[in-house]
Amino acid sequence: MVVVYSAILLGGIGFAFGLFLSYVSEKFKVEEDPTVKLILEALPGINCGACGYPGCEGYAKAIAKGDKPDKCLPGKKNGVEEKIKEILANKK
């Protein structure tokens, strides 16, 4: 009988924690700008830091906030600046 009570108690505690975690994940959800993801896909992904930011993700976030898209040295050969300008033009 002790085993049955223990199983019921642990099941109830597990269910309560599951509900709590579900609520907390919705309450503290972080909204991300979809433009950052598009810009990040356009960047070469080398994470060289030549732009002055810590990797391509940091630079993509800065561009989405208004920084100039002409600082990516490895991407200049591939036309990254034009792709980013197109993404920003479609955003507005």
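No lab work stands behind these numbers, since they all come straight from the coordinates. Remember, it's a predicted structure, so these values are computed and weren't measured experimentally. Here the Cβ positions follow ideal geometry from the backbone for every residue, glycine too, while neighbour counts run over all protein chains shown.
A few notes on this one:
- Dipole of the chain, positive end: most advanced residue of LEU73, LEU38, CYS56 [Cβ charges, Cα centre]: LEU73
- Relative frequency of Cα-Cα separations exceeding 18 Å in the chain, percent: 57
- Hydrophobic long helices, here whole DSSP H runs in the chain with Kyte-Doolittle means of at least 0.0 and Cα atoms spread over 30 Å or more along the helix axis, are found at 2-27.
- Report summary: the helix-based calculation at 222 nm, which adds -39500 (n - 2.57) for every DSSP H run with n ≥ 4 and divides by the residues of the chain, gives -20500 deg cm²/dmol.
- Highest average first, the peptides 10-23, 27-40, 45-58 ordered by how many other beta carbon atoms sit within 10 Å of their residues are 45-58, 27-40, 10-23.
- Set of lysines near LYS71 by C-alpha distance (under 23 Å), chain-local residues within fewer than 8 positions excluded: LYS37, LYS61, LYS83, LYS85, LYS91, LYS92
- Estimated dipole of the chain in Debye, rounded to 20 [Cβ of Lys and Arg +1, of Asp and Glu -1, Cα centre]: 240
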